[in-house]
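Notes to accompany the following structure.
None of the figures in this text is laboratory data; all of them are computed from the coordinates on show. Computed from a predicted structure; not experimentally measured. No Cβ is skipped: glycine too gets one built from the backbone with ideal geometry, and neighbour counts run over all protein chains shown.
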Amino acid sequence: MQLNVDCIRDILIIVESIGYEECLSFNDFYNKINQSKEKNNPQYKKDELQYHCLKLYEAGYLDLVLNRQLTEPIEDSFKFKTDLEYRKNVLCEPDKVSYIKDLTYNGHKFLSNIRENNNWNKTKKIAKSVGSYSLDVLGQIASSVITSLIQANIGL
């Protein structure tokens with residue numbers, strides 16, 4: 001699945017609206033992000049939101065509660081030194097998001113740089129021209145867009 005950068009931004013905006021010490025079940029989150037659409041024609045499908053939430057979690061932007069479903073028994077799990085080694089050797093179903101807790105500090109920083117539509121559109125335009133929509137590149141571009149706006153506003 002390809003990253004949908006608008007989905008990434010929409011997720012961050014919705015997660016930011018979750019109250020302190022609250023969390024949303026994935027189903028409640030799905031309903032909240034799609035509430036402006038008809039139930040028969042949601043803006044984002046569940047698997048698309050699951051995928052993008054997991055990528056934001058992997059990038060360190062979201063705090064989630066995951067549900068890992070093993071397809072093999074874990075009786076010999078002690079022989080693996082790391083979680084990564086264990087996961088490579090024991091077949092797992094893809095992780096599923098059970099609950100969405102909050103943005104991380106890095107998630108807040110990234111969202112702050114892309115929240116305004118003007119900044120977001122400039123960021124996407126530059127990303128398209130350089131041919132990369134990775135989260136790292138989007139973060140660098142968004143930060144540069146903000147830096148150039150700051151310099152323009154203080155006369156540098």
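In table form, for the structure just shown:
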quantity	calculated
Cβ-defined net charge surrounding A127, 14 Å radius [Lys, Arg +1; Asp, Glu -1]	+3
Cut-off under 5 Å, modelled amide H: who pairs with L62 long-range	Y57, T104
Protection proxy ranking of 119-132, 7-20 - average other beta-carbon atoms within 10 Å, highest first	7-20, 119-132
